[in-house]
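The values are calculated or read from the model by the stated rules, or taken from the named source; none is laboratory data. These figures come from a predicted structure and were not determined experimentally. Methodologically, a virtual Cβ is constructed for each residue, glycine included, from the backbone with ideal geometry; neighbour enumeration extends over all protein chains shown. Note: accessible area is taken over every heavy atom of the protein model, side chains too, but ligands, DNA and RNA are not part of it. Shrake-Rupley method; radii C 1.70, N 1.55, O 1.52, S 1.80 Å.
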Amino acid sequence: MRVVIADDAVLLREGLVRLLTEHGHEVVAAVGDGTTLVEAIVAHRPDVSIVDVRMPPSHTDEGLRAAVEARRLVPRTPILVLSQYVEVSYADDLLATVKPGGAGGGGIGYLLKDRVAAIDEFLDALRRVATGGTVLDPEVVGQLLVRRRRDDPLRELTPREREVLSLMAEGRSNTAIARALVVSDGAVEKHVRNIFTKLQLPPDEEQHRRVLAVLAYLRG
């Protein structure tokens, strides 16, 4: 994969460059601020970009805002955001770039920096984002769900269907969900079909139903 990295912490940035290079990926740009990140994505059109939320000058949300701007200028460009802490409002802003009707596409991830230490899991998450998947840190999922509104659009789902949808939100495939729940692949497929039906997500070539179901779950 061709990768852009944006992190103002030199040691982490160079560590990511070395990690990705050793695993056969090409780092086409490694930058330390949001403005340069946007320029790099526009210039290189990478397969995926790894972006720190907090970068200069204010070290608040420059990285996140740059990622959102990059998605506007280069629609569907895959972004994996790394954060030291769970920033629920930032996760919401990033998820808002995934538009119904296929306008935004998937290719979005939000992980805590601690996950980088689990190298295989981190690289797997990066690959999933690069191929259009949505990968969210379990802690991010948990905190987003705390904000669930009283008028929950998912109230028709059974407890098992909610469990399946929660695992979908973590970016797991049907096979991985089946292993986690110790059920057959066919059982998971049936639950997923029921979820789509109850969320009124009919088959549509222009919409990624799995992404839309996850967004409904996180924003519900």
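For V86 and I119, the difference between the fully extended length at 0.36 nm per residue and the C-alpha to C-alpha distance is 9.9 nm. Sorted largest first, the principal axis extents computed over the alpha-carbon atoms of the range 1-98 equal 34, 27, 20 Å.
For E156 and R76, what is the calculated FRET efficiency with R₀ set at 25 Å and r taken between the beta-carbons, to the nearest 0.05? Efficiency for this residue pair is about 0.20.
Against the main long axis of the alpha-carbon atoms of the chain, helix 62-73 sits at an angle near 70°. Working note: Karplus 6.51/-1.76/1.60 with θ = phi - 60° gives the range 188-194 the couplings 5, 4, 5, 4, 4, 4, 5 Hz, where Gly and Pro are set to x. On C-alpha positions alone, give me the angle between the axis of helix 209-219 and the longest principal axis of the chain, in degrees, nearest 10. In the chain, helix 209-219 runs at an angle near 90 degrees to the longest axis. Using the 1.4 Å probe convention, the accessible area of the chain works out to 48 Å² per residue with neighbouring protein chains retained. Between the entries (1) 36, 17, 16; (2) 29, 24, 18; (3) 30, 18, 16, the label attached to semi-axes √(5λ) of the Cα gyration tensor in Å calculated for this structure is (3). Relative to the Cα centre, the charge distribution of the chain, modelled as +1 at Lys and Arg Cβ and -1 at Asp and Glu Cβ, gives a dipole magnitude of about 760 debye.
Across the accessible surface of the chain, with the other protein chains kept in place and a 1.4 Å probe, carbon and sulfur atoms take up 51 percent. Relative to the longest principal axis of the Cα atoms of the chain, helix 119-130 runs at roughly 80 degrees. Extending 7 Å from Cα along the Cβ direction at E39 and again at T131 yields two label points whose distance is 3.4 nm. Simple rule: put +1 on each Lys or Arg Cβ and -1 on each Asp or Glu Cβ in the chain, find the dipole, and look at G34, F196, T134; the Cα lying farthest toward the positive end is F196.
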